[in-house]
Amino acid sequence: MTKFIFDLDGTITRSETLPLIASRFNIRDEIAVMTRETINGNIPFVESFIKRVHILGNLPVDEISYLLAEANLYPRVIDFIEKNKEDCVIATGNLMCWVDKLLNRIGCRCHASECTVEDNKVKKLTHILQKENIVREYRNTGEKVVFIGEGNNDSEAMRLADVSIASGLTHYPAKSVLSVADYLIFDEGALCRQLDRLF
Amino acid sequence: MPPARSVVLSCAGTGSRLGLAQTKVLIEIDGKSLMAWQLELLKDVEDLRIVVGYQADAVVKEVLNYRKDVTFVYNHNYFNTKTGTSFYLGAKDGNDYAIGWDGDLIVHPDDIDKCLNSKGEYIVYSDRMSDEAVFVRTDENGDVLSFSREDGDYEWTGPVCIKKDKLKYTSGNVFNMLEGHLPMKGVKVRAQDIDTYDDYQKAVEFIRSWKK
């Protein structure tokens with residue numbers, strides 16, 4: 001069996017989600033620089049994520065969750081996931097409490113980072129998702145793993161996957177991703193055509 | 001084009017014989033890059049799979065100037081492998097039939113249809129133009145019986161259409177992959193490949209000849 005593991009931000013959504021939050025709450029500049037540097041691999045993902053959560057963690061969790069539930073998605077990618085729900089998984093470093101409503105909308109299984117929430121605010125990060133562990137998990141059960149991603153924090157997962165697709169739908173993928181990718185695709189139709197051939 | 005065919009355009013090489021330290025699809029011919037010519041000639045191909053290696057980033061960006069809906073395939077080990085590896089990598093997750101196409105080959109626009117839409121499996125060749133080519137020996141029907149580095153009836157120009165299941169990984173050349181499947185139907189076209197500076201000059205003339 002084939003398991004398709006998708007990155008969320010910029011692969012399923014048309015833009016990164018943290019800048020959406022920052023824009024809504026007027027802290028855009030600080031987050032934008034850090035997001036760009038993280039995607040490019042200039043700041044380690046874990047360090048950047050902790051900093052970004054520190055900045056955004058005081059914002060109301062429920063408002064963020066409603067905001068992200070409205071994120072603009074790639075319709076043909078969503079269509080592929082809907083048709084193959086049991087074979088598709090999302091692996092996102094994002095916080096589950098922020099993306100839960102968005103993930104419900106997409107409807108497939110998801111792995112995300114976790115935190116405790118108190119008074120509608122992030123209190124403490126408890127788990128930062130390392131996507132390569134998810135790939136390992138599925139491969140250990142004998143699945144053929146296809147990973148679709150674009151950011152620097154996808155590169156280890158893509159190195160371990162049986163087939164790795166660098167998605168250029170939103171950004172030009174990070175150099176670390178291109179150095180391990182089997183495929184590089186910039187068009188939604190071409191991406192879905194390739195996914196269909198990988199069962 | 002019949003359904004379920006992919007074209008694998010191999011552009012991973014270093015272009016060493018041309019001596020420019022530049023991958024061949026980026027060289028300019030009569031006002032535009034060789035890649036731009038290829039994309040124009042292959043514009044009707046739905047599943048175009050472009051294998052990249054040396055100068056991959058520059059090749060990708062050049063393609064994106066013209067077309068986005070291609071699949072780029074990485075041959076990260078391009079320095080130690082040959083065209084057979086790129087063809088295998090490009091074909092393995094594509095459609096059931098793969099058409100292998102070297103990035104340094106220019107086919108006359110009036111013959112593109114024969115390369116893409118002939119029935120079944122076939123090998124494409126042209127009149128002999130170079131001394132350092134791979135040649136094919138053919139029977140009276142034009143079917144390909146064998147390949148040779150020394151001599152043959154025609155020059156093997158590169159395109160081949162074959163069921164992808166027949167392709168196995170190799171670090172060698174495409175014609176080595178095909179030898180076990182001969183004889184195969186032959187299709188003759190007008191084409192020019194670019195291995196040397198002399199070929200490059202011929203390619204310029206070739207393109208100008210059809211533009212007249």
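The values are calculated or read from the model by the stated rules, or taken from the named source; none is laboratory data. Worth saying up front: this structure is predicted, and the values here are computed from it rather than measured. Cβ sites come from the backbone with ideal geometry, for glycine too, and all protein chains shown count toward neighbours. Just so you know, the surface numbers come from the protein's heavy atoms only, side chains and all, with ligands and any DNA or RNA stripped out. Shrake-Rupley method; radii C 1.70, N 1.55, O 1.52, S 1.80 Å.
The residues of segment B:24-62 that are among the charged types (D, E, K, R) and part of a loop (DSSP other than H, G, I, E, B), listed by number, are B:ASP30, B:LYS43, B:ASP44, B:GLU46, B:ASP47.
Here is the figure for segment A:8-22: residues that are of a type in the set (Ser, Thr, Tyr) and in a loop (DSSP other than H, G, I, E, B) total 2. Checking the stated criteria, B:GLY84 turns out to be more than 14 Å from every other protein chain (Cβ to nearest Cβ) and not hydrophobic (A, V, I, L, M, F, W, C). How do the pairs read when you match residues in segment B:158-177 that are assigned to a loop (DSSP other than H, G, I, E, B) with residues anywhere that are open to solvent by 30 Å² or more (accessible area, probe 1.4 Å), using Cβ under 6 Å and keeping only pairs 6 or more apart or on different chains? As it stands, the answer is B:LEU167/B:TYR88; B:TYR169/B:TYR88; B:GLY172/B:LYS82; B:ASN173/B:LYS82; B:ASN173/B:THR83, since those pairs meet every condition given. Return a yes/no flag: does segment B:7-23 have any residue that is farther than 20 Å from A:GLN194 by Cβ, part of a strand (DSSP E or B) and either out of contact with any helix residue (DSSP H, G or I) (no Cβ under 7 Å at 6 or more places or on another chain) or open to solvent by less than 10 Å² (accessible area, probe 1.4 Å) (or both). Within segment B:7-23 (the criterion being farther than 20 Å from A:GLN194 by Cβ, part of a strand (DSSP E or B) and either out of contact with any helix residue (DSSP H, G or I) (no Cβ under 7 Å at 6 or more places or on another chain) or open to solvent by less than 10 Å² (accessible area, probe 1.4 Å) (or both)), the answer is no, since none of the residues qualifies. Among the residues of segment B:181-201, those that are open to solvent by 70 Å² or more (accessible area, probe 1.4 Å) and assigned to a helix (DSSP H, G or I) comprise B:TYR197, B:ASP198, B:GLN201.
Residues to consider are A:ILE78, A:ILE27, A:ILE39; find the one that is open to solvent by less than 40 Å² (accessible area, probe 1.4 Å) and farther than 23 Å from A:GLU156 by Cβ.
Selected residue: A:ILE78, the only one of A:ILE78, A:ILE27, A:ILE39 that is open to solvent by less than 40 Å² (accessible area, probe 1.4 Å) and farther than 23 Å from A:GLU156 by Cβ.
Selection of segment B:160-203 for residues being farther than 24 Å from B:ASP113 by Cβ and aromatic (Phe, Trp, Tyr) yields B:TYR169, B:TYR197, B:TYR200. Scanning segment B:53-70 for residues that are free of Cβ contacts under 8 Å to residues at least 12 places away in the same chain and more than 7 Å from chain A (Cβ to nearest Cβ) yields B:ASP57, B:LYS61. Is there a residue in segment A:31-53 that is at pLDDT 85 or above, over 18 Å from the mean Cα position of the chain (by Cα) and not aliphatic (A, V, I, L, M)? Scanning segment A:31-53 turns up no residue that is at pLDDT 85 or above, over 18 Å from the mean Cα position of the chain (by Cα) and not aliphatic (A, V, I, L, M). Against the condition among the hydrophobic types (A, V, I, L, M, F, W, C), closer than 24 Å to A:ILE148 by Cα and either over 16 Å from the mean Cα position of the chain (by Cα) or open to solvent by 30 Å² or more (accessible area, probe 1.4 Å) (or both), how does A:LEU20 come out, does it pass? Judged against the criteria, A:LEU20 is a match. Filtering segment A:84-130 to residues that are farther than 27 Å from A:THR2 by Cα and among the basic types (Lys, Arg) leaves A:LYS121, A:LYS123, A:LYS124.
A:THR92 falls short on exactly one of the conditions (1) surrounded by 15 or more Cβ atoms within 10 Å (Cβ to Cβ); (2) over 14 Å from A:ILE12 (Cβ atoms); (3) among the polar types (S, T, N, Q), and that condition is (2).
Taking (1) open to solvent by 30 Å² or more (accessible area, probe 1.4 Å); (2) farther than 23 Å from B:ILE112 by Cα in turn, B:GLY172 satisfies each apart from (1). Do we have any residue at all in segment B:95-117 that's in contact with a helix residue (DSSP H, G or I) (Cβ under 8 Å, 6 or more places away or on another chain) and within 11 Å of chain A (Cβ to nearest Cβ)? Checking segment B:95-117: at least one residue is in contact with a helix residue (DSSP H, G or I) (Cβ under 8 Å, 6 or more places away or on another chain) and within 11 Å of chain A (Cβ to nearest Cβ). Where residues in segment B:140-152 are out of contact with any Phe, Trp or Tyr (no Cβ under 7 Å at 6 or more places or on another chain) and not in a strand (DSSP E or B), which of them is nearest to B:THR83 (Cα to Cα)? Result: B:ARG149. The criterion of at least 1 residues that are more than 10 Å from every other protein chain (Cβ to nearest Cβ), under 21 Å from A:CYS110 (Cβ atoms) and open to solvent by 30 Å² or more (accessible area, probe 1.4 Å) is met, among helices (runs of 4 or more DSSP H) falling completely within segment A:120-199, by A:131-140, A:155-160.
What do you reckon, is A:ILE185 touching a Gly at 6+ places or on another chain (Cβ under 7 Å), under 21 Å from B:ARG67 (Cα atoms) and in contact (Cβ under 8 Å) with a residue 12 or more places away in the chain?
yes
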